[in-house]
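For reference, the structure is listed below as structure tokens.
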4 protein chains.
Amino acid sequence: MSLSTTNNKQLIEQYVRIRAYTESLCAPLNTEDYIPQPVHFASPPKWHLAHTSWFFEELFLKIYSQHYQEFDAHFSFLFNSYYNALGNRIMRENRGSITRPTVEHVYAYRKYVDQHMIDYLSNEVCNPEIQDILLLGLNHEQQHQELLLTDLKHTFGHNPIFPVYKENGALTESKNKHQNFVDIQEGIYTIGHDGTGFSYDNEHGQHQVFLHEYSIANFLVDNGSYMEFIEDKGYETASLWHDEGWTFVQKEGIQAPLYWTQLDGVWKQYTLGGLIDVSKESILSHISFYEAWAFAEWKGMRLATEFEWEVAADSLDWGQRWEWTNSAYLPYPGFKKAGGAIGEYNGKFMINQMVLRGGSAATSPDHGRATYRNFFHPHYRWQYTGIRLAK
Amino acid sequence: MSLSTTNNKQLIEQYVRIRAYTESLCAPLNTEDYIPQPVHFASPPKWHLAHTSWFFEELFLKIYSQHYQEFDAHFSFLFNSYYNALGNRIMRENRGSITRPTVEHVYAYRKYVDQHMIDYLSNEVCNPEIQDILLLGLNHEQQHQELLLTDLKHTFGHNPIFPVYKENGALTESKNKHQNFVDIQEGIYTIGHDGTGFSYDNEHGQHQVFLHEYSIANFLVDNGSYMEFIEDKGYETASLWHDEGWTFVQKEGIQAPLYWTQLDGVWKQYTLGGLIDVSKESILSHISFYEAWAFAEWKGMRLATEFEWEVAADSLDWGQRWEWTNSAYLPYPGFKKAGGAIGEYNGKFMINQMVLRGGSAATSPDHGRATYRNFFHPHYRWQYTGIRLAK
Amino acid sequence: MSLSTTNNKQLIEQYVRIRAYTESLCAPLNTEDYIPQPVHFASPPKWHLAHTSWFFEELFLKIYSQHYQEFDAHFSFLFNSYYNALGNRIMRENRGSITRPTVEHVYAYRKYVDQHMIDYLSNEVCNPEIQDILLLGLNHEQQHQELLLTDLKHTFGHNPIFPVYKENGALTESKNKHQNFVDIQEGIYTIGHDGTGFSYDNEHGQHQVFLHEYSIANFLVDNGSYMEFIEDKGYETASLWHDEGWTFVQKEGIQAPLYWTQLDGVWKQYTLGGLIDVSKESILSHISFYEAWAFAEWKGMRLATEFEWEVAADSLDWGQRWEWTNSAYLPYPGFKKAGGAIGEYNGKFMINQMVLRGGSAATSPDHGRATYRNFFHPHYRWQYTGIRLAK
Amino acid sequence: MSLSTTNNKQLIEQYVRIRAYTESLCAPLNTEDYIPQPVHFASPPKWHLAHTSWFFEELFLKIYSQHYQEFDAHFSFLFNSYYNALGNRIMRENRGSITRPTVEHVYAYRKYVDQHMIDYLSNEVCNPEIQDILLLGLNHEQQHQELLLTDLKHTFGHNPIFPVYKENGALTESKNKHQNFVDIQEGIYTIGHDGTGFSYDNEHGQHQVFLHEYSIANFLVDNGSYMEFIEDKGYETASLWHDEGWTFVQKEGIQAPLYWTQLDGVWKQYTLGGLIDVSKESILSHISFYEAWAFAEWKGMRLATEFEWEVAADSLDWGQRWEWTNSAYLPYPGFKKAGGAIGEYNGKFMINQMVLRGGSAATSPDHGRATYRNFFHPHYRWQYTGIRLAK
């Protein structure tokens, strides 16, 4: 069930639970681990902790809570992510050099914000607008929970000593329960969120689409199938690739999923549980859209569109990987950006990105839903991304 | 009318006419003008002349014409564009340094290929497959005719003495005949080419789409309206832009359409007819997708999707500019790449590009049609691109 | 007095003192501060702590101490800097993402190495070769002490909240004691180290040079003089600059020394003691060679060569800034690289770098001498660099 | 003999001869060949033709010739190379896109300038200042004659069909006449030009240097010796290289001199006479300073300094290759840049470049002399550069 409520007590319970979950993810970390930003598209754990709190301070407390005193005047600048409407922010690629405020101070910040949020929710009536921004903040926090894990994996996975985040914490070991294809008939279908419970603006605007008949796999590509693709020289066969995908794998020297490495002829993969053997039966992870598409070409099939995915969702087993679709991330009919900072949440990214559907083993509990539209540039591989075939 | 025929005499006539038209475009050139490649995405006139001939030699004569002797063994390598299936090719960005073969030798190549093509067409029965590849070659040549002009404009437009290609050859002076919006009702519509006459593979696969009600302008944005956008600080207002668009204009220092420059407070534009005043009534040209989208935001409207465009096409006046749509360039249902080199024509570019519809003042006669899907990366500005609003 | 001795007790005393000094420099740090590498040419404090210990483990204990067990098999790889002879090493630009081993573990490493070094020095006779490598290790440690401060300053100085490393720890407040020029007569002079006490291989090979008459300032350029250069549009006057210097300041947008910023018309500078006013009487710091050279041009003077500097050294007051000379870093006559890893210490950097003489307020006690040849690329500004004029 | 005279008739003769020589170098070119700029550090033949004329127009005729009318107002902008004092200039990397003015028009420009120069020299008394600038212009033209050949070789050498500039025009076939070393005694020597005849400002300021005893080869490294270096894995042995040199060859994938390529196990080299076998006895060419230095390391010797070279010059056979020295390009004692544009000729390049001495097979007749200081960045390989060993 997605987050949603109309009752302050429930709101407080959700708020406390989700905020605590973020901190629980950090429990295995040393202070050192909170700092680095290994690549420009990832962020340090400290930053995730602070930025999610900044969201509640900047977009909730400063607006709705009378007499609220900001925790630290610098934080507005330091922990803004990409909201131009809210003034200057630190360049995205410099987040890993900000050692002060300390981790301890950031936890104090969280505590301070939490106390004021709980005070507010305990004492004030929340109208729907206020509830909406609160739920947005909590969903935002859940998104950063997943990013915190994937970004940390990037840092650890590029450390030559391969640190273990958590024993048995691999997140990559799930297997398929089914092996069949689901057939969907031609017709007019409804797409988008129905307005019950929380959803992002990019899911809004329920509308009709016409779909031709298609079949969609009720399983995700597993590591064994992908090894066959590698062995069949998939990475060396230009005709399987987009022109840009071919350039990408050639230039970057990519010959396997991210985190895979071959030692003495055996495929190993770095996971948050450490370096382990790649299991053939486990579901493939950490591939770019380009690789997903090339694999489908090699199989003589294709990726589903996001609409085909959503229509079939009830018949599918999903939630282990973010599944690349062959749909570009574009607005639904009638999409309208909100004004101000909230309007920057999704709309301004609707170019050059592909939609992913489903959710992954790293996605926070209760965060996914069938209408959810995730999106990334086609060359990114550090999320738990996978492949579902269609034909 | 698009190119299409079933009769060899007509084929020869078309072939001769289209090939001659390419050369007529080069009539105003000096030998020097045939050489430079100003940027990696453009090509020299000499290369266009040779590459279009290479197409007929490599994909027609070598395959269908018995005993054909290739003109020069080096040309297969030198004038391949991007067909991986046909072996190595010169790096795209090095085309401007290839002074030999000479221009004269390239014209001899054209003559040689033409002679063999005409001989073939005069003496052989062309089955539909052979006709198809011939028509593809002629349409390919027409595409390069337009590129020849836009690439040349890039070279001349960045020369500080602003050479004149042809007196009165501006190609930017057309004006709108209408100022109204066309309303289209909700419903299921058919998209794609019906198979009568020539079309590219990316138009194939007629299929149904469901469209909600919309209105689409029967005019293109003119220079005067765009000047208002500039004066209203459109280029300095982050909220109007995609995140990547904002980065693009900031980083490149873009503050006006390509080829515009302000001298003593007056907007001038470089055209193939030389440097002229920007006329407010003339239709805007040479803007990126990002600028088109930001302009629409500023107007409180949006760009049409390619489906909305195609459905309304019969009611619209079009063909002055390539019109950016808000559709990503993706395959139609059932799209299947052909095998071999021909399969590389369109399919492998279906990522990170946006669809443009219509055609421009530089598009060759008889080359456009309502189902035509042109595509470019969203930051490109050197084509005759324009904006049609929808709401 | 430079480090040097022939007596094990003194060696132990020196070893203990210098190793302890490194750790004392880290006393004001939080765990977080040990991690980031703000730019590729700087390194994290943790890395400096480990790498200097690695030097003793790899180049001393593993070679001379029988039965020595290495502390951790990974460290040889993780904390090698640039010694190709000693196998693979982590890419220089990735040092800031290595959160494990922890800071605590690195301190344990230091302790372990120290214990074994002291055991060795307490029980073994050190022949001259062994003494030499020990002294090299201690001088190496002192070099990293200075880098630890300058690298940390880079991290803190680019943090928008400008953390204070140590109250009153600015290191930039020294003033000139003299204002005169020293005249040196034409003649043959001896250059290079005489072999008494420690020196680096790049100082070896005493040799003669012939110098023409010259005058050299017995003071360094102060902030006030440099402000005049700025106000006189020094940064906008192409004729004062090397061609590459001009490109550098234009491209990087440089208009003042590193760490200077103008707030409300007042020049401020970030120091390790926090953000303070720029004092006109204090000695200028943090300028590139290009700026030093342009300033001298503007003054109608020049920078001294490293030979002119060394010959005059006894008559000069020096040791507040690393002084850019107009000498390229090249070998002395008869210079010969040692074999193996030690040979990589200096010789392989003798291209595209300029010599700096003197020493700075951040240089460790007893580390400088008149024959010392420091060297950096001409665009670097993060060391405590200054300007001495000659004519 | 270097250019120099005090007599107008001789001046005219020199002027006519040198200007004609430039055009004779272009005799084998087609119009197409005049246009491309293959890399940012090279220039098109058309540009060389125009720029050398621009020098006489801008720095001679406009200043000394009353009533002179400039040929074309655009040329001042188009054909300035790097003289900031003379206003804006076209970006260096865009020279290859300037197709207009045509080649014919540039020849007309040369003719016009020549006519006015000859008129002036026929009718006016030339004082020493005027003679100096004339001689500078002629020496400047000779420098560009060599660059014209090396730049053209870069264009042709990267064309897959390897055009022949001139039959038997290889310029790389010379062999050593000697195989001995010359011994020079320790002492004070005089360096720099004595003022008789023409010289550049960077040779001025005769001064004394003290040199220790040394031996210098009276031969240049030949191709056979360099093949041994390659076969002995010179390009794979890090210890032979500067740190930056090692990075350079690794990153660029360099494994042989420029223009060498191995076909079926045989070394071939592109020359202006076409693709030919590499002759073991011929003198090596087209190597970077890094390669020269690594080769000397491998031989257990070193490169000479520019002073050692100049002192020994009378005893050496030189003039086949520009010989990399181990001296950085720095000012002589007392060096003073001239004011205005002339002052930009040499001085502003005195950073990050190495001195080359001698002259090459492509150097114009009468252009070299023993005090001549050529200079290039250490990674450049497109000049006819070679190696002379010292010890």
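The values are calculated or read from the model by the stated rules, or taken from the named source; none is laboratory data. Since we're looking at a predicted model, the values are computed, not measured. Neighbour counts run over all protein chains shown; Cβ positions are idealised from the backbone, glycine included.
Kindly establish whether D:Tyr165 is at pLDDT 95 or above and either more than 20 Å from D:Ala42 (Cα to Cα) or assigned by TED's automatic domain parsing to the domain that holds D:Ser53 (or both).
On the way: at pLDDT 95 or above: yes; either more than 20 Å from D:Ala42 (Cα to Cα) or assigned by TED's automatic domain parsing to the domain that holds D:Ser53 (or both): no.
For D:Tyr165, the condition - at pLDDT 95 or above and either more than 20 Å from D:Ala42 (Cα to Cα) or assigned by TED's automatic domain parsing to the domain that holds D:Ser53 (or both) - is not met.
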*Pair list, Cβ under 9 Å, 6 or more apart: the range A:375-386 residue under 16 Å from A:Ala362 (Cα atoms), other residue β-branched (Val, Ile, Thr) and assigned to a loop (DSSP other than H, G, I, E, B)*: A:Arg381/A:Ile254; A:Arg381/A:Ile287; A:Trp382/A:Val39; A:Tyr384/A:Thr172; A:Tyr384/A:Thr363; A:Thr385/A:Ile287; A:Gly386/A:Val221; A:Gly386/A:Ile287
*Candidates C:Lys337, C:Lys280 - the one that is within 14 Å of another protein chain (Cβ to nearest Cβ) and either under 18 Å from the mean Cα position of the chain (by Cα) or of a type in the set (D, E, K, R) (or both)*: C:Lys337
*Any chance you could count how many residues in the range D:82-130 are under 26 Å from C:His242 (Cα atoms), surrounded by fewer than 19 Cβ atoms within 10 Å (Cβ to Cβ) and of a type in the set (Lys, Arg)?*
2
*Test: residue in the range D:322-329 that is closer than 21 Å to D:Lys153 by Cβ, part of a loop (DSSP other than H, G, I, E, B), at pLDDT 95 or above and within 12 Å of chain C (Cβ to nearest Cβ)*: no
*asked:* Can you go through B:Arg381, B:Arg357 and tell me which one is farther than 30 Å from B:Ile63 by Cβ, of a type in the set (Lys, Arg) and touching a Phe, Trp or Tyr at 6+ places or on another chain (Cβ under 6 Å)?
replied: B:Arg357
*Which of the residues belonging to the range A:60-73 are more than 14 Å from every other protein chain (Cβ to nearest Cβ), in contact (Cβ under 8 Å) with a residue 40 or more places away in the chain and not in a helix (DSSP H, G or I)?*
A:Ser65, A:Tyr68
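With the condition kept exactly as written, say whether any residue in the range B:146-167 is among the β-branched types (Val, Ile, Thr) and closer than 19 Å to B:Gln383 by Cβ.
Narrowing the range B:146-167 to residues among the β-branched types (Val, Ile, Thr): B:150, B:155, B:161, B:164.
Imposing the further condition that a residue be closer than 19 Å to B:Gln383 by Cβ reduces the set to B:150, B:155.
Yes: the range B:146-167 contains one or more residues that are among the β-branched types (Val, Ile, Thr) and closer than 19 Å to B:Gln383 by Cβ.
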_The one condition in (1) modelled with pLDDT of 95 or more; (2) of a type outside the set (Ser, Thr, Tyr); (3) more than 23 Å from C:Lys348 (Cα to Cα); (4) over 20 Å from the mean Cα position of the chain (by Cα) that C:Ile98 fails to fulfil_ = (1)
*With respect to B:Gly273, determine if the residue is modelled with pLDDT of 95 or more, away from chain A (no Cβ under 14 Å) and over 23 Å from the mean Cα position of the chain (by Cα).*
no
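In this structure, is C:Glu344 of a type outside the set (Lys, Arg) and at pLDDT 95 or above?
Working: of a type outside the set (Lys, Arg): yes; at pLDDT 95 or above: no.
So C:Glu344 fails the test.
Please work out which residue is nearest to the other protein chains (Cβ to nearest Cβ), limiting yourself to the range D:74-96 and to residues that are touching a residue at least 60 places away in the same chain (Cβ under 8 Å) and not in a loop (DSSP other than H, G, I, E, B).
Quick first cut of the range D:74-96, residues touching a residue at least 60 places away in the same chain (Cβ under 8 Å) only: D:82-86, D:96.
In the following step, the residues that additionally are not in a loop (DSSP other than H, G, I, E, B) were identified as D:84-86, D:96.
Working: D:Asn84: 4, D:Ala85: 7, D:Leu86: 11, D:Gly96: 6 Å.
For the range D:74-96, the residue satisfying everything is D:Asn84.
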*Which one is farthest from D:Ser315 (Cα to Cα), of the residues in the range D:352-379 that are of a type in the set (A, V, I, L, M, F, W, C) and assigned to a strand (DSSP E or B)?*
D:Phe376
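Restricting attention to the range C:249-268, does a residue exist that is surrounded by fewer than 16 Cβ atoms within 10 Å (Cβ to Cβ), free of Cβ contacts under 8 Å to residues at least 40 places away in the same chain and within 14 Å of chain D (Cβ to nearest Cβ)? Step through it out loud before you land on a result.
Residues of the range C:249-268 that are surrounded by fewer than 16 Cβ atoms within 10 Å (Cβ to Cβ), as a first pass: C:250-253, C:255, C:261-266.
So of that shortlist, the ones also free of Cβ contacts under 8 Å to residues at least 40 places away in the same chain come out as C:250-253, C:255, C:261-266.
Adding the requirement that they be within 14 Å of chain D (Cβ to nearest Cβ) leaves C:250-251.
Checking the range C:249-268: at least one residue is surrounded by fewer than 16 Cβ atoms within 10 Å (Cβ to Cβ), free of Cβ contacts under 8 Å to residues at least 40 places away in the same chain and within 14 Å of chain D (Cβ to nearest Cβ).
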*Please give the number of the condition C:Met91 fails out of (1) closer than 28 Å to C:Phe376 by Cα; (2) at pLDDT 95 or above.*
(2)
_Checking D:Ser43 against (1) more than 24 Å from C:His242 (Cβ to Cβ); (2) within 14 Å of chain B (Cβ to nearest Cβ); (3) in contact (Cβ under 8 Å) with a residue 12 or more places away in the chain, only one condition comes out false. Which one?_
(1)
*Could you please let me know if B:Glu104 is in contact (Cβ under 8 Å) with a residue 12 or more places away in the chain and charged (D, E, K, R)?*
no
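Considering each of D:Ala20, D:Ala42 in turn, give the residue that is under 22 Å from the mean Cα position of the chain (by Cα) and either in a helix (DSSP H, G or I) or not assigned by TED's automatic domain parsing to the domain that holds D:Glu124 (or both). It would help to see each step written out before you state the result.
On the way: D:Ala42 fails: either in a helix (DSSP H, G or I) or not assigned by TED's automatic domain parsing to the domain that holds D:Glu124 (or both).
Every option except D:Ala20 fails the conditions.
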*Collect the residues in the range D:353-391 that are surrounded by fewer than 23 Cβ atoms within 10 Å (Cβ to Cβ), within 14 Å of another protein chain (Cβ to nearest Cβ) and more than 11 Å from the chain's Cα centre (by Cα), keeping them in residue-number order.*
D:Gln353, D:His377, D:Pro378, D:His379, D:Tyr380, D:Ala390, D:Lys391
*Breaking point among (1) within 14 Å of chain D (Cβ to nearest Cβ); (2) more than 25 Å from the chain's Cα centre (by Cα); (3) in contact (Cβ under 8 Å) with a residue 60 or more places away in the chain, for C:Gly192*: (2)
*asked:* Which of the numbered conditions does D:Gly339 fail, given that it passes all the others? Conditions: (1) in contact (Cβ under 8 Å) with a residue 24 or more places away in the chain; (2) outside any strand (DSSP E or B).
replied: (1)
*Would you call D:Glu57 without any contact (Cβ under 8 Å) to a residue 60 or more places away in the chain, under 29 Å from B:His40 (Cα atoms), more than 19 Å from the chain's Cα centre (by Cα) and assigned to a helix (DSSP H, G or I)?*
no
